[in-house]
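Nothing in this text is a laboratory measurement; each read-out follows from the coordinates by a stated rule. Worth saying up front: this structure is predicted, and the values here are computed from it rather than measured. FYI the Cβ positions are ideal-geometry reconstructions off the backbone, even for glycines, and counts take in every protein chain you see.
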Amino acid sequence: MTDGLCLRRTALTLAAAVLAFAASGGDAAAAPSTAIVAATPSGNGICFSAAGGSTAPGATVYLWPCAGDSSQQWETQMIGVSTRTGDNSAAVVRLVNVKSGLCLDLQSASTAVGIGLQQAACNGAATQQWVLFNTGAPYDRRTVKNHYSNLCVVSRYVDIVPGHNGSGLKQYACDFTEVPNPLKYWRLTL
């Protein structure tokens, strides 16, 4: 059995268990909290962060050097499995900031390219649903796609060099042709 098939079966089994749990009246099952780190060759430790460690709804989520702060920790709550063509039964999750208790969301609930990320009250909206794709070897690399807009989270490599703290995370087409030197892969680390 190939790794891809094995991972897909594992995701489907987990999703079935979560959906059965939710159908019984339970909330979405949560995995341990994770940091979402830029998967770069240098492994420079840049994380998805709530701006300034904010707990306010509407605060921008951007890239900041990883410091282990709870504003850089995200609880992964399994919602289900994507049935969209091309998603290959990937997991659909809600990402909840540990410090604020708010969900990763799209600004302005927009499907337009170039829209940034924010944290907002968790309300079950499709803009708060994220598809996590395993991109193959190395196996910890993921693309993160919004289930509502069908666009992927991207930054630019130049934005993670020293002096560019607070660099933007935006949504763009998942073929990554719209952003020069795209930073498009992310690692979920405990």
Test of the criteria: in the range 87-145, which chymotrypsin sites (Phe, Trp or Tyr not before Pro) are in a DSSP loop and have at most 13 other Cβ atoms within 10 angstrom of their Cβ? Y139
The rounded separation in angstrom of the Cα centers of the range 61-91 and the range 114-129 is 12
Multiplying the sequence separation of S33 and D140 by 0.36 nm and subtracting their Cα-Cα distance, what value in nm do you get? 37.0 nm
